[in-house]
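Some notes on the structure that comes next.
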Amino acid sequence: MAGSRLETVGSVFSRTRDLIRAGVLKEKPLWYDIYNAFPPLREPVFRRPRLRYGKAKAPIQDIWYHEDRIRAKFYSAYGSGQKAFDLFNPNFKSTCQRFVEKYTELQKLGETDEEKLFVETGKALLAEGVILRRIGEPRTVILLLLLLGRPDP
């Protein structure tokens, strides 16, 4: 059946039934008797979606979490960063993930203003030793600010 387009001819059950009748399959699959005893209400047959104008629209809606807004704001402000993901370490947390966790932690403490919360999260991570560099900001500015003791660039 590899390479043939028989999946468009009938359901898996009808094709298996025909193969058993023809003697190609010697024994029934495990699911065959159960499917035969309790058939579905609607036969699962392949049907091509009709395209009217352009592409068919997906009926599945996008899933957005609260953290996604924080991540989008983080990446627009700081970019993807210089540090690569360590996929060999199962406990590795990216800078963005640490930012999101610190953001939600500060948010639970009662801060409501998003801009202020974003800045405070950057300051808290800087206090932990995580240096965040804004997009388009030269490295020398960050080093000078660190030397002067200012917490947020």
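The values are calculated or read from the model by the stated rules, or taken from the named source; none is laboratory data. As the structure is a prediction and not an experimental result, all values here were calculated from the model. Neighbour counts are summed over all protein chains in view; Cβ atoms, including those assigned to glycine, are modelled from backbone coordinates with ideal geometry.
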Restricting attention to the range 88-135, which residues are among the hydrophobic types (A, V, I, L, M, F, W, C) and either outside any helix (DSSP H, G or I) or touching a strand residue (DSSP E or B) at 6+ places or on another chain (Cβ under 8 Å) (or both)?
Phe88, Phe92, Leu109, Val130, Ile131, Leu132, Ile135
Search result, residues across the range 20-41 that are part of a helix (DSSP H, G or I), surrounded by 13 or more Cβ atoms within 10 Å (Cβ to Cβ) and either aliphatic (A, V, I, L, M) or without any contact (Cβ under 8 Å) to a residue 12 or more places away in the chain (or both):
Ile20
Looking at the range 55-74, is at least one residue out of contact with any helix residue (DSSP H, G or I) (no Cβ under 6 Å at 6 or more places or on another chain), outside any loop (DSSP other than H, G, I, E, B) and within 25 Å of Val12 (Cβ to Cβ)?
no
Show the residue pairs meeting these rules: Cβ distance below 9 Å; 6+ apart or different chains; first residue within the range 126-137 and under 15 Å from Arg98 (Cα atoms) and assigned by TED's automatic domain parsing to the domain that holds Phe74; second residue among the charged types (D, E, K, R) and in a loop (DSSP other than H, G, I, E, B).
Leu126/Asp152; Leu132/Asp152
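Given the residues Gly79, Gly23, which is the only one that is more than 20 Å from the chain's Cα centre (by Cα) and on the phi > 0 side of the Ramachandran plot?
After ruling out the rest, the residue left standing is Gly23.
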Neighbours by Cβ (under 7 Å, 6+ apart or cross-chain): first from the range 46-68, surrounded by 10 or more Cβ atoms within 10 Å (Cβ to Cβ); second modelled with pLDDT of 75 or more
Glu67/Val100
